[in-house]
Amino acid sequence: MALLEVKDITSGYGEVQILWGSSLALEKGKLTCLVGGNGVGKTTLLRTIMGLLPPWGGAINFDGKEVSRLPAYTKAEMGLVLVPEGRQLFTDMTIYENLEMGASNQHARPKFARNLERVYEMFPRLKERHTQKAGTLSGGEQQMLAVARGIMADPTILFIDELSLGLAPVLVLQLFESLKQLRELGMTILLVEQHVHLALAISDYGYVIVEGKIQLEGPARKLIKDKHVREAYLGL
Amino acid sequence: MTILLSLQGVSKRFGGLQALSDVTFDLPQGQILGLIGPNGAGKTTLFNAINGVYPPEKGRIVFHGKDVTRFKPYQLARMGMARTHQIVRPLNELSVRENVMVGACFGHESQNLGNAAKIADEVLEFVGLTSRADQLASSLNVAQKKRLEMARALAARPYLLLLDEVLAGLNHSEIDNMIQTVLKIREQGITIIMIEHVMKAVMNVSDRIIVLDYGIQIAEGNPENITNDPKVIEAYLGDPRLAEQLLEED
């Protein structure tokens with residue numbers, strides 16, 4: 001059974017419907033990616049799964065329990081953790097303080113030391129600069145900190161919204177390398193990513209969303225060769 | 001073939017960000033030009049440059065044979081350039097008809113109130129909002145507000161209509177209806193530039209497409225050429241070589 005099951009979710013903002021029945025499943029220990037063009041509902045789907053946006057219909061099951069309407073803070077406590085698009089760091093706080101904030105939920109606190117060691121190992125840059133304010137970091141370092149803060153929350157599932165957006169290629173590669181490490185550690189991850197090739201190269205399984213609906217899904221290695229992916233993007 | 005709008009090396013910078021670099025194209029009268037590109041590519045900024053909201057610091061914009069590079073939006077409206085906005089902003093306290101009258105009064109023909117009301121009714125019929133004419137604009141749903149936005153622009157009797165994501169937020173049948181409306185507008189001889197993310201739609205209605213990425217015009221051509229252009233595919237799907245690098249390290 002999948003660790004997280006999203007079934008036929010509909011959602012949107014005000015009277016604007018964005019999701020028109022999207023379903024996906026995350027297997028434990030697997031890296032899954034969700035890709036799709038601009039404005040097709042990727043972030044909306046993440047926000048709905050996280051409880052930041054109420055679903056209009058459909059169901060979300062986590063570890064066999066229905067969690068569709070639980071608020072975001074309850075879900076965070078259960079181990080559903082989001083690395084949001086645009087990073088949303090506490091820019092006036094230091095790296096270390098940001099990491100402390102990440103570990104503020106009850107089940108993460110006892111594991112603080114172990115998780116801190118893990119993220120410092122993964123991102124030595126953050127250790128070197130741990131007293132520096134987050135707002136003074138480069139874009140790539142800020143993205144590393146955003147991922148590290150997510151790990152500090154000791155996630156059962158880590159959701160990452162746009163890992164590579166706005167970063168130079170060399171930094172993008174570094175971040176994907178860290179993602180590979182997380183995958184090897186057996187973490188369950190859902191990656192939303194605009195760089196389709198990279199996302200599929202690193203993932204076990206992939207979903208392509210078009211106009212608020214999943215249009216294609218399959219093992220990432222198959223999708224990478226599937227010309228329908230390009231067609232889905234370019235509206236053919 | 002008369003050229004209605006010509007952009008020559010249009011560039012715009014916001015602080016350290018080069019939002020538009022050397023954008024150059026000619027738009028013949030009566031065509032639909034689709035403007036596409038990933039998020040943050042500069043599409044709306046280009047509309048704002050053409051429309052006089054953010055005049056470019058380099059380059060020239062010629063509309064109707066006249067250099068309009070430094071013209072203000074209201075001057076361009078008088079010359080027959082109308083636009084819709086991505087986020088619709090109806091005048092909520094006015095009726096639907098009065099909203100459209102505003103377009104007629106401040107547009108290309110600068111109508112008086114009596115004529116403006118007549119034009120408003122014609123345009124409302126054209127976009128299918130006649131039954132809502134006396135309602136407050138605030139009472140419309142999203143699809144209707146998008147139509148109102150279009151009606152207001154059309155009431156200005158423009159030569160050139162700039163459409164910024166008129167399909168965003170619409171459901172499938174509303175999208176089909178809106179596309180029919182866009183095609184009907186072209187039949188009236190109005191030239192259109194449309195920014196659109198709904199790819200199927202933009203590929204179907206455009207005579208020509210320009211693709212922007214990081215403010216640079218990376219491709220231009222008919223829809224078929226565009227969908228097969230490796231540069232366009234890379235702009236949308238990312239550089240495949242990066243993925244190869246990542247895999248090689250295994």
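The values are calculated or read from the model by the stated rules, or taken from the named source; none is laboratory data. Since the model is a prediction, treat every value here as computed from it, not as a measurement. All Cβ positions, even for glycine, are placed from backbone atoms using ideal geometry, and neighbour counts span all protein chains on display.
Could you check how many residues of the range B:183-226 are polar (S, T, N, Q), closer than 19 Å to residue A:233 by Cβ and surrounded by 21 or more Cβ atoms within 10 Å (Cβ to Cβ)?
Looking only at the range B:183-226, we keep the residues that are polar (S, T, N, Q), and these are B:188, B:191, B:204, B:206, B:217, B:222, B:225.
Going one step further and asking which of them are closer than 19 Å to residue A:233 by Cβ, we end up with B:204, B:206, B:222, B:225.
Add one more test, that the residue is surrounded by 21 or more Cβ atoms within 10 Å (Cβ to Cβ), and what stays is B:206.
Going through the range B:183-226 one residue at a time, the tally reaches 1.
Check the range B:235-250 and report whether any residue there is more than 14 Å from chain A (Cβ to nearest Cβ) and acidic (Asp, Glu).
Filtering the range B:235-250 down to residues more than 14 Å from chain A (Cβ to nearest Cβ) leaves none.
No, the range B:235-250 contains no residue that is more than 14 Å from chain A (Cβ to nearest Cβ) and acidic (Asp, Glu).
Being more than 23 Å from residue B:225 (Cα to Cα) and in a loop (DSSP other than H, G, I, E, B) is the filter; apply it to the range B:1-39 and report the residue that is farthest from the other protein chains (Cβ to nearest Cβ).
It comes out as B:2.
Restricting attention to the range B:58-76, does a residue exist that is within 28 Å of residue A:166 (Cα to Cα) and in contact (Cβ under 8 Å) with a residue 24 or more places away in the chain? Even if it seems obvious, please write down each step before you answer.
Step one: of the range B:58-76, the residues within 28 Å of residue A:166 (Cα to Cα) are B:58-59.
From what's left, in contact (Cβ under 8 Å) with a residue 24 or more places away in the chain: B:58-59.
So far as the range B:58-76 goes, yes, one or more of its residues are within 28 Å of residue A:166 (Cα to Cα) and in contact (Cβ under 8 Å) with a residue 24 or more places away in the chain.
Checking the condition over 13 Å from the mean Cα position of the chain (by Cα), at negative phi and within 14 Å of another protein chain (Cβ to nearest Cβ), which residue from B:134, B:207, B:213 passes?
B:213
Among the residues of the range B:214-232, is any among the aliphatic types (A, V, I, L, M), at pLDDT below 95 and touching a Phe, Trp or Tyr at 6+ places or on another chain (Cβ under 9 Å)?
Within the range B:214-232, none of the residues are among the aliphatic types (A, V, I, L, M), at pLDDT below 95 and touching a Phe, Trp or Tyr at 6+ places or on another chain (Cβ under 9 Å).
When you scan the range B:100-143, how many residues do you find that are among the small types (Gly, Ala, Ser), at pLDDT 90 or above and assigned to a loop (DSSP other than H, G, I, E, B)?
So the answer is 2.
Got a sec? Which of B:117, B:155 is over 24 Å from residue B:171 (Cβ atoms), aliphatic (A, V, I, L, M) and more than 18 Å from the chain's Cα centre (by Cα)?
That would be B:117, the only listed residue that is over 24 Å from residue B:171 (Cβ atoms), aliphatic (A, V, I, L, M) and more than 18 Å from the chain's Cα centre (by Cα).
Looking at the structure I just gave you, is residue B:180 more than 9 Å from chain A (Cβ to nearest Cβ), polar (S, T, N, Q) and assigned to a strand (DSSP E or B)?
no
Mind checking which strands (runs of 3 or more DSSP E) fall wholly inside the range A:157-236 and carry at least 2 residues that are in the same structural domain as residue A:18 (by TED's automatic domain parsing) and more than 16 Å from the chain's Cα centre (by Cα)?
Passing ranges, in order: A:213-219.
As an exercise: evaluate residue B:164 against (1) crowded, with 20+ Cβ neighbours inside 10 Å; (2) over 24 Å from residue B:49 (Cα atoms); (3) acidic (Asp, Glu) and give the number of the one condition it does not meet.
(2)
For the range A:26-126, list the helices (runs of 4 or more DSSP H) that sit wholly inside it and hold at least 1 residues that are among the polar types (S, T, N, Q) and surrounded by fewer than 17 Cβ atoms within 10 Å (Cβ to Cβ); which are they?
Ranges flagged: A:72-78.
If you scan the range A:147-168, which residues turn out to be charged (D, E, K, R) and on the phi > 0 side of the Ramachandran plot?
So in the range A:147-168, the residues charged (D, E, K, R) come out as A:149, A:154, A:161-162.
Hits for the range A:147-168 are A:154, A:162.
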